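The values are calculated or read from the model by the stated rules, or taken from the named source; none is laboratory data. Computed from a predicted model, the values in this text were never measured in an experiment. Please note: Cβ atoms are built from the backbone with ideal geometry, for glycine as well, and neighbour counts cover all protein chains shown. Calculation scope for accessible area: heavy atoms of the full protein, side chains included, ligands and nucleic acids excluded. Shrake-Rupley method; radii C 1.70, N 1.55, O 1.52, S 1.80 Å.
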Amino acid sequence: MPRNYKKEYKNYQSSTKQKKRRASRNTARNRALAKGIVKKGDKKDMSHTRGGSLILEAQKRNRARNRGKK
């Protein structure tokens, strides 16, 4: 069954809570870029921890852990 991106955006990505979380990750990433901690194309993500803080993590590890359950 193909993925319904329109429905996914409507139900999750466009919510106020998710927009704020994404904005905080983008802000943290931009600050890390300015400090020289990360570089464009370095295959790293800013990831929320269970405690709510942000950490730098490999894309592969972050995205594998955060996949939706089927």
Region 40-70, residues that are loosely packed, with under 10 Cβ neighbours inside 10 Å and either part of a loop (DSSP other than H, G, I, E, B) or touching a residue at least 24 places away in the same chain (Cβ under 8 Å) (or both): LYS40, GLY41, LYS43, THR49, ARG50, GLY51, GLY52, SER53, ARG67, GLY68, LYS69, LYS70
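When region 36-55 is examined, which residues are found to be of a type in the set (Gly, Ala, Ser) and modelled with pLDDT under 90?
Those that are of a type in the set (Gly, Ala, Ser) and modelled with pLDDT under 90: SER47, GLY51, GLY52, SER53.
Would you point out the residue of region 8-23, among those that are in a helix (DSSP H, G or I) and open to solvent by less than 90 Å² (accessible area, probe 1.4 Å), that is modelled with the highest pLDDT? Reasoning before the result, please.
First pass over region 8-23, keeping only residues in a helix (DSSP H, G or I): 8-13, 16-23.
Applying the additional criterion that residues be open to solvent by less than 90 Å² (accessible area, probe 1.4 Å) yields 8, 13, 18, 22-23.
Working: GLU8: 86, GLN13: 85, GLN18: 89, ARG22: 89, ALA23: 92.
Residue satisfying both the conditions and the ranking: ALA23.
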Residue ID - least open to solvent (accessible area, probe 1.4 Å), chosen from residues in region 24-39 that are in a loop (DSSP other than H, G, I, E, B) and of a type in the set (A, V, I, L, M, F, W, C): VAL38
